[in-house]
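No lab work stands behind these numbers, since they all come straight from the coordinates. These numbers were taken from a predicted model, which means no experiment stands behind them. With ideal geometry, Cβ positions are generated from the backbone for all residues, glycine too; neighbour counts draw on all protein chains shown.
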Amino acid sequence: MRNRLRFYDSLQISQDFLTFPFVARLNLFRGPDIYQLISEYVECRIQEAKKEAFREGFEEAIERIKEAINKEIEDYMALVTKIVDFIYETVKKEFKDLKIIEERTNFYFGSKWIKILFIIETESSELEIGLSNFLNEVEKVVFNKLNYVCELLFLNKKNVEIDQESLNNDYPFIRRREDAS
Amino acid sequence: MPSFDQHIKQAQHNIEFLTSFYKTYKFNDWAITVSFYTAVHIIEAIIAKKGEIRFKGKEYKIQHSDQLSNILKTYKESLPKNFSEEFITHHHVMRKLIVNENFPQVSDWFNLLYNDSRTARYRKYQWQNYKVDLVVKTSLKELIEWANKESGAELNLTL
């Protein structure tokens, strides 16, 4: 019998080995059902791959939901801030004898309710009416154009003893002002 | 649900109670409270009389503001965008939204009363005389005149 190896160069052997049919190679071994073993192994890998794909899909979905929630919260908080600042600036310009002392709010992330309370100081009841009307107009715009339910209230602290505890409980957040005296 | 007549009768009842003590300025907290609830009856009377309102541009056949809440609770698909179901249970909030959209002539006056009723607890229910005058002689008076004109009611506020 000729020794085949003597007629093959190493490159050819490698080529021959690598292209040797898989099924044929299996036939070289006797023993337990190797097809069964392989199919079990392949099934196991597929299950792992499925789990991995699900985990990746799940993570991707969670990531997308997280981004959407963050965006919602950001939009909501940005709108609250915008309303507060818009009113503060407008009052400063248009209501000369009315001073906003504090702008207080609470955040309702579930309902996206915008509730802002302006603590003001003024001697003029006409200015109070003016402010009330102005706040009502802003509420309407926010609800009609932006679809957010908005409650803008004010409290004139002139000659009134304030229940600070209730106020802190219902409106715990106060807008920071750099120029606050 | 109370009818138009029942709401008007209750509003007049409240007005008479208010005028019985208002000028003493001894019960300013009650003057504000009674004024607000008189306004509520006036608004509900007009809703009952009209029999339909608009909410976010849609027409609803209702006799009382609470019925809008029930409709929105039942047909959740009709809830406007960003409008949480939570608001349905806030009857005062719902009524104010109805007033703003349907009765713009008096929404500012109603809002002033609404503001005072919502902030009363933070001022420990202490009301200066000028505040009571503001509420009774302007807000409530304007609402009464509007209701009389709008519906033929004969509410009478004699101060």
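The table for this structure:
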quantity: Estimated FRET transfer efficiency when R0 is 22 angstrom, pair residue A:169-residue B:125 (beta carbons, to 0.05); calculated: 0.85
quantity: Dimensionless Rg/Rh of the stretch A:71-167 - Kirkwood Rh, Rg from C-alpha atoms; calculated: 0.98
quantity: Partners for residue B:61 among aspartates and glutamates (Cα-Cα distance below 13 Å; same-chain residues under 8 apart left out); calculated: B:52
quantity: Sequence-distant aspartates and glutamates (8 or more away, or on other chains) whose Cα lies within less than 14 Å of residue A:93; calculated: A:85
quantity: Dimensions (Å) - the stretch B:1-48, Cα atoms, principal axes, largest first; calculated: 34, 14, 13
quantity: Spatial extent of chain B: Rg and Dmax, with the Cα atoms as the point set, Å; calculated: 16.1, 51
quantity: Members of A:115/B:81; A:157/B:137; A:92/A:158; A:99/B:81; A:112/A:157 lying beyond 26 Å, as alpha-carbon distances in this model show; calculated: A:99/B:81; A:112/A:157
quantity: Nitroxide proxy distance, nm - points 7 Å out along Cα→Cβ at residue A:54 and residue B:81; calculated: 3.6
quantity: DSSP-defined antiparallel bridges as percent of all bridges, the stretch A:37-175, nearest 5; calculated: 60
quantity: Rg to Rh quotient for the stretch B:58-134, alpha carbon positions, Kirkwood Rh; calculated: 1.07
quantity: Coil-residue chymotrypsin sites (Phe, Trp or Tyr not before Pro) of the stretch A:58-157, DSSP, other Cβ within 10 Å capped at 12; calculated: A:109
quantity: Loop GluC sites (Glu not before Pro), the stretch B:29-99, which have at most 16 other Cβ atoms in a 10 Å radius of their Cβ (DSSP); calculated: B:52
quantity: Computed magnitude of the charge dipole of the stretch B:13-116 (debye, nearest 20; Cβ of K, R +1, Cβ of D, E -1); calculated: 200
quantity: The protein assembly as shown, Rg to Rh (Cα coordinates; Rh as Kirkwood inverse mean 1/r); calculated: 1.39
quantity: Aspartates and glutamates with Cα under 17 Å of residue B:58, excluding same-chain neighbours fewer than 8 positions away; calculated: B:66, B:77, B:101
